[in-house]
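Enquirer: Below you will find the structure I want to go over with you.
The values are calculated or read from the model by the stated rules, or taken from the named source; none is laboratory data. Note that the structure is predicted; figures quoted are calculated from it, not measured. Cβ placement follows ideal geometry from the backbone for every residue including glycine, while neighbour counts extend to all protein chains displayed. The accessibility values were calculated without ligands, DNA or RNA, using every heavy atom of the protein model including side chains. Shrake-Rupley method; radii C 1.70, N 1.55, O 1.52, S 1.80 Å.
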Amino acid sequence: MKKNYFFYSNKKCFIDHNGIVSSKSHSNLALIKYWGKHNHKIQIPLNSSISYSLGKVYTVTRLIYKRKKKKNSSIKIFFSGKEKTSFLPKILEFFHRISFYCSYLRDFNFIIETYNTFPHSSGIASSASSMSALALCVMKIEKKLVSSLKKDLFLKKASFLARLGSGSACRSIYSGLVVWGCHPSIKGSNNLYAIPYPYEVHSIFTKIANTILIIDDEPKKILSSKGHQLMNNHPYARERFKCANKNMNRLISILKIGDFQEFGELIEHEALTLHAMIMTSRPYFLWMKPNTLNVIHTVWDFRKHSNKNIYFTLDAGANVHLLYPIQEKTSIIKWIYSDLFSYCKKIIESFCY
Ligand code: DP6
C-alpha cells in the first residue's frame, strides 16, 4: 500500500458551512485478544486479533460541524444529553491524530452528541463503538467532499481512523467476524485497518448467544492503554504473541468445521492468557474479582454435568461474557438466572454475529 493512501488531498471541493452527519457502531468482543502495541502513538498491534460484533450493544453519534470564523478550534461533547468535558482530552487527541489524514477537519468547529444503548458505567468498554461511530461520521463529511469515494475505501479509511482513536475500534467498523493485525494465514490482514473475516464460517457460528455478566460496574483501575504499554517489557510477551498467532490458525479451522467445544476451549484459553499477562506485568494487576472466579467455576461445573456448550471470555476487567449456541438459549439463560445471578450486579442479554 502506498504511504499516502489515506490522505485527503482534494483541495478544490467545498461543503456547506454547517451540517450534521450521524452514525451508529456496535461494540465488539475479541475472541483472540489484541494486547500489546508498538511503543508509539500510531496504534500498531503486536499480534493479530479477531472479534465478533455485539448485537444490541452500540453507540449512536451525531457530529455537528460549523465552519470556523476564527482560527481557534472548538469541540464540545454531549453524552446522553449532558456535556462531558472529561471525554474531551481523548477526543482532542483523536482529532489531532486524524487531522493529518483529514485536513478539512481544521476548517470546522464541532459538537459531538452521543449515546450508548448499554448503561454507562456498566463495565462494558465503550471506546470501540464510540470511536468507530465518530470515525464513520468523519468519513461521512469526507464523502460530502468527495462524492466519488467508493464504499470499500470509505470503510477502510473509517477503520484506519478509528484505530487511531482506540485500537479495538477499527474492528467495530464492520459487522460479523473481523480481523485486525497482520497474520500470514489471513489474506488481506494488516496492521493499519481491520478487514471482514475472509474465510468460510460454519452456520453454528453465524450467530451465537452472548450473555454479559456485570460483576463490577466501577470504572477500570488500570486503563487498557496503560496495560498495552506493560507488554513492552513483559518477560512472557514473545510467547504470548506466538501463542496468539497459533490460536488464530486453530480458530480458522474451528470456524470452518463448526466445532463449538474446540472454539470454547480456545476462547477461554485466550481470556485467561490475557489476564495472566496483566497479573505478571510490572507493576502487576488483578482484574478478576471473587465473583469472576465464582462464575467461572460454576460454568465449568455446569458444563461437566450437563455437557452443554457454554464457555466464557473476559475483557480487560472483572466482567464475564458467556458464549453458547443460540439454539440452546432458552434452557441456558434459565440456568444463568437461577445459578449465576447472585454473583452479578446486572445481566445483559446480547448476541454475537
Ligand atoms: C482486552 O482497544 O481498548 O479488549 O488501543 O489503547 O484504545 P487502545 O486499547 P483497546 O484494547 C482492547 C483490549 C481488549 C482486547 C481486544 O479487544 O482485542
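Enquirer: Starting from 0.36 nm per residue, how many nanometres of slack lie between residue 207 and residue 257 once their C-alpha separation is accounted for? Can you show the working numbers first?
Expert: On the way: separation 50, 0.36 × 50 = 18.00 nm, distance 1.52 nm.
Here the answer is 16.5 nm.
Enquirer: Pull out the extension gain between residue 107 and residue 269, defined as 0.36 nm times the separation in residues minus the alpha carbon to alpha carbon distance; nm, one decimal. Each step should come with its number before you reach the end.
Expert: Values: separation 162, 0.36 × 162 = 58.32 nm, distance 4.80 nm.
Roughly 53.5 nm would be gained on extension.
Enquirer: Next question. Going by accessible area, probe 1.4 Å, with all protein chains left in place, what is the ranking of 303, 163, 106, largest first?
Expert: Largest to smallest exposure gives the sequence 106, 303, 163.
Enquirer: Would you mind estimating how fast the stretch 66-110 diffuses translationally, via Stokes-Einstein at 25 °C and 0.890 mPa s with the Kirkwood radius over Cα pairs, in µm²/s?
Expert: Working: Rh = 11.3 Å.
Calculated translational D: 217 µm²/s.
Enquirer: Cα to Cα, under 22 Å, and not fewer than 8 places away if on the same chain: which lysines meet these conditions relative to residue 69?
Expert: 11, 12, 144
Enquirer: Placing one identical point scatterer on every Cα of the stretch 182-271 and ignoring solvent, what is log10 I(q)/I(0) from the Debye formula at q = 0.20, 0.25 Å⁻¹?
Expert: At q = 0.20, 0.25 Å⁻¹ the computed log10 ratios are -1.23, -1.28.
Enquirer: Cα extents of the chain along the three principal axes, largest first, in whole Å?
Expert: Cα spread of the chain along its principal axes, largest to smallest: 68, 43, 42 Å.
Enquirer: With +1 on the Cβ of every Lys and Arg and -1 on the Cβ of every Asp and Glu, and nothing else charged, how large is the dipole of the stretch 206-352 about its Cα centre, in debye rounded to the nearest 20?
Expert: Details: 19 positive and 14 negative charges, 67 e Å.
About 320 debye.
Enquirer: Taking a cut-off of 16 Å between Cα atoms, list the lysines near residue 24, but don't count ones fewer than 8 places away on the same chain.
Expert: 56, 140
Enquirer: What is the dipole size for the chain, taken about its Cα centre, with +1 at each Lys and Arg Cβ and -1 at each Asp and Glu Cβ, in debye to the nearest 20?
Expert: On the way: 51 positive and 22 negative charges, 392 e Å.
About 1880 debye.
Enquirer: On to the next question. Please sort through the DSSP H helices of the chain and keep those with an alpha-carbon extent of at least 18 Å along the long axis and a Kyte-Doolittle average not below -0.5.
Expert: On the way: long enough: 127-145 (27 Å, 0.71); 151-165 (21 Å, 0.23); 237-257 (30 Å, -0.39); 260-279 (28 Å, 0.42); 290-306 (24 Å, -0.62).
Those that pass (Cα extent of 18 Å or more, hydropathy at least -0.5) are 127-145, 151-165, 237-257, 260-279.
Enquirer: By what distance, in whole Å, do the Cα atoms of the stretch 294-337 stretch along each of the three principal axes, largest value first?
Expert: For the stretch 294-337, the Cα spread along each principal axis is 28, 20, 17 Å.
Enquirer: How many nm is it between the label spots at residue 187 and residue 238, if each spot is 7 Å from the Cα in line with the beta carbon?
Expert: Once both label points are built, they end up 3.3 nm from each other.
Enquirer: Projected onto the charge dipole of the chain (+1 at Lys/Arg Cβ, -1 at Asp/Glu Cβ, origin at the Cα centre), which of 57, 219, 127 gives the Cα projection farthest towards the positive end?
Expert: Of the listed residues, the answer is 127.
Enquirer: Compare the Cα positions of 307, 279, 258 along the charge dipole of the stretch 255-353 (+1 at Cβ of Lys, Arg; -1 at Cβ of Asp, Glu; about the Cα centre) and return the one farthest towards the positive end.
Expert: Of the listed residues, the answer is 279.
Enquirer: Further, regarding this structure: Please report, in whole Å³, the volume per residue of the convex hull around the C-alpha atoms of the stretch 13-196. Could the numbers behind the result be given before it?
Expert: On the way: hull volume 22.1 nm³, N = 184.
Enclosed volume per residue, from the Cα hull, is 120 Å³.
Enquirer: Quick one: give the max-minus-min coordinate of the C-alpha atoms of the stretch 206-352 along each principal axis, largest first, in Å.
Expert: Sorted largest first, the three principal extents are 46, 37, 24 Å.
Enquirer: Another one. Give me the 1.4 Å probe accessible area per residue for the chain, excluding ligands and nucleic acids, in Å².
Expert: Working: 16940 Å² over 353 residues.
With all protein chains present, the chain gives 48 Å² per residue.
Enquirer: State to the nearest 20 debye the size of the charge dipole of the stretch 41-200 about its Cα centre, where the only charges are +1 on K and R beta carbons and -1 on D and E beta carbons.
Expert: On the way: 25 positive and 7 negative charges, 161 e Å.
Roughly 780 debye, rounded to the nearest 20.
Enquirer: What pairs from 289/346; 70/150; 37/82 go past 26 Å between their alpha carbons? Walk me through the numbers before you get to the answer.
Expert: Numbers: 289/346 15 Å; 70/150 33 Å; 37/82 33 Å.
Violating the 26 Å limit, Cα to Cα: 70/150; 37/82.
Enquirer: Using a probe of 1.4 angstrom, how much of the accessible area of the chain is carbon and sulfur, in percent? Before the final figure, lay out the partial values.
Expert: On the way: 9220 of 16940 Å².
Using a 1.4 Å probe with all protein chains present, the chain comes out at 54 percent carbon and sulfur.
Enquirer: Between residue 42 and residue 148, what is the label-to-label distance in nm when each label sits 7 Å out along the Cα-to-Cβ direction?
Expert: Between residue 42 and residue 148, the label points sit 2.8 nm apart.
Enquirer: Could I have the simple spin-label model distance between residue 60 and residue 222, label points 7 Å from Cα toward Cβ, reported in nm to one decimal?
Expert: 3.7 nm
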